[in-house]
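Working notes, beginning with the structure itself.
The values are calculated or read from the model by the stated rules, or taken from the named source; none is laboratory data. Quick caveat: nothing in here was measured; it's all calculated off a predicted structure. Note that each Cβ is placed from the backbone with ideal geometry, even for glycine, and that neighbours are counted across all protein chains shown.
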């Protein structure tokens, strides 16, 4: 259990998430994230040079990826001081890993203040050519970074959606259950944009993209939210023959970025937007499920995080998940005994999309804000990641 790692209240942001091939499609995700994070620091009147180390999470290659972490760190502080950094790639749980790496180093006393910056652009992903000297005629192997990897885990030999169907079959989940919970998720997102996006404005920060030499666009809201009804979901057929998951019950690729300050208790209070609110990182959990069952991985990860924190699922006031498939949430609720309709208030990646690197970060920001609204308490984040892996974190807002 962690005892020394804290997040300043309000010491985090997420950009809006943009639909695949949308308004962020032509921006280098590395430079856009660094620019957005720096603008956020300046807007909050915080000095980015207080940072001693940075973790940069990214999963889809961008131009200059080799230098992504050091380049982004230099842009964030505007070269005012050397800021060491490390690149992290753990697919959909990248944000959690970045935050946890910072937390354990705070715990160890390696440094006092770190930053986790996560970014991805699923749009216009790279198409890689790999040498294949032993192939017929030495023909190369080509790889589409996004679609090829979404559609085949080389270990399981399955598409991601097929791993979710394996979990649905084992847990006895029906299409009717999937549709009912999916509709609830869209209703929960509607709460986040009510009253002129009052909830989202608690943590969301706009990103500025370049359209031409003379024109920029400030992106202030999510792009790509699909209106959803019970009737519409019922009409959609499963993606896989004999399955239960339709296109309406799964997420979509997206673009965006998110950032978190992780520091000591005293420094968190000094950097907090409200020193009376304390945000503590309590524990981390990880897991790898049996081959081809990715959607089940959040359950053992959540159990580990809860056990490490000395807490039970019933102690959680807020539960947020990365749910690329609605089966994730239904399976988790069945296995852990929580109410599937009361988790993921105010939104989730199923609805607003999945840029991979920053996805968990945005969800954690929402978890913290929901707990603040509720007057504090414990919160659990859990999610799966490519390769049948999962991660989870428990937070306390006091």
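Rundown of residues vs (1) assigned to a helix (DSSP H, G or I); (2) touching a helix residue (DSSP H, G or I) at 6+ places or on another chain (Cβ under 6 Å), yes/no style:
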| site | (1), (2) |
| --- | --- |
| 74 | yes, no |
| 79 | no, no |
| 82 | no, no |
| 87 | no, yes |
| 95 | yes, yes |
| 99 | yes, no |
| 104 | yes, no |
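Please state which one of 296, 305, 234 is under 30 Å from residue 110 (Cβ atoms) and either outside the structural domain of residue 48 (by TED's automatic domain parsing) or modelled with pLDDT of 95 or more (or both).
Working: 296 fails: under 30 Å from residue 110 (Cβ atoms); 234 fails: under 30 Å from residue 110 (Cβ atoms).
Result of the check over 296, 305, 234: 305.
Within the group 360, 333, which residue is modelled with pLDDT of 95 or more, buried (at least 24 other Cβ atoms within 10 Å of the Cβ) and within 22 Å of residue 286 (Cβ to Cβ)? Give the steps one after another, and end with the answer.
Details: 333 fails: buried (at least 24 other Cβ atoms within 10 Å of the Cβ).
After ruling out the rest, the residue left standing is 360.
Those residues that are assigned to a loop (DSSP other than H, G, I, E, B) and free of Cβ contacts under 8 Å to residues at least 12 places away in the same chain, I need them from region 228-241; list them, please.
The first filter runs over region 228-241 and keeps only residues assigned to a loop (DSSP other than H, G, I, E, B), leaving 228-229, 236-241.
237, 241, listed by residue number.
Quick grid of which residues meet (1) more than 25 Å from residue 27 (Cα to Cα); (2) at pLDDT 95 or above; (3) assigned by TED's automatic domain parsing to the domain that holds residue 266:
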| site | (1), (2), (3) |
| --- | --- |
| 114 | yes, yes, yes |
| 117 | no, yes, yes |
| 122 | no, yes, yes |
| 134 | yes, no, no |
| 137 | yes, no, no |
| 142 | no, no, no |
| 149 | no, no, no |
| 152 | yes, no, no |
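Every residue, every condition in (1) touching a residue at least 60 places away in the same chain (Cβ under 8 Å); (2) within 21 Å of residue 247 (Cα to Cα), yes or no:
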position: 338; (1), (2): no, no
position: 345; (1), (2): yes, no
position: 356; (1), (2): yes, yes
position: 380; (1), (2): yes, no
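Can you find, within region 39-50, the residue that is farthest from residue 25 (Cα to Cα) among those that are over 22 Å from the mean Cα position of the chain (by Cα) and in contact (Cβ under 8 Å) with a residue 12 or more places away in the chain? Please lay out each step first, then the result.
Restricting attention to region 39-50, the residues satisfying the condition of being over 22 Å from the mean Cα position of the chain (by Cα) are 42-50.
Among the residues that remain, those that are also in contact (Cβ under 8 Å) with a residue 12 or more places away in the chain are: 43-44, 46, 48-50.
Numbers: 43: 25, 44: 27, 46: 29, 48: 27, 49: 30, 50: 32 Å.
So the residue we want is 50.
Each row is one residue, and each column tells you yes or no for (1) assigned to a helix (DSSP H, G or I); (2) closer than 30 Å to residue 65 by Cα.
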position: 125; (1), (2): no, yes
position: 128; (1), (2): no, yes
position: 133; (1), (2): no, yes
position: 154; (1), (2): no, yes
position: 163; (1), (2): yes, yes
position: 167; (1), (2): yes, no
position: 179; (1), (2): yes, no
position: 201; (1), (2): yes, no
position: 221; (1), (2): no, yes
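Working carefully through the options 273, 268, find the one that is more than 26 Å from residue 20 (Cβ to Cβ) and assigned to a loop (DSSP other than H, G, I, E, B). Even if it seems obvious, please write down each step before you answer.
Details: 268 fails: assigned to a loop (DSSP other than H, G, I, E, B).
It is 273.
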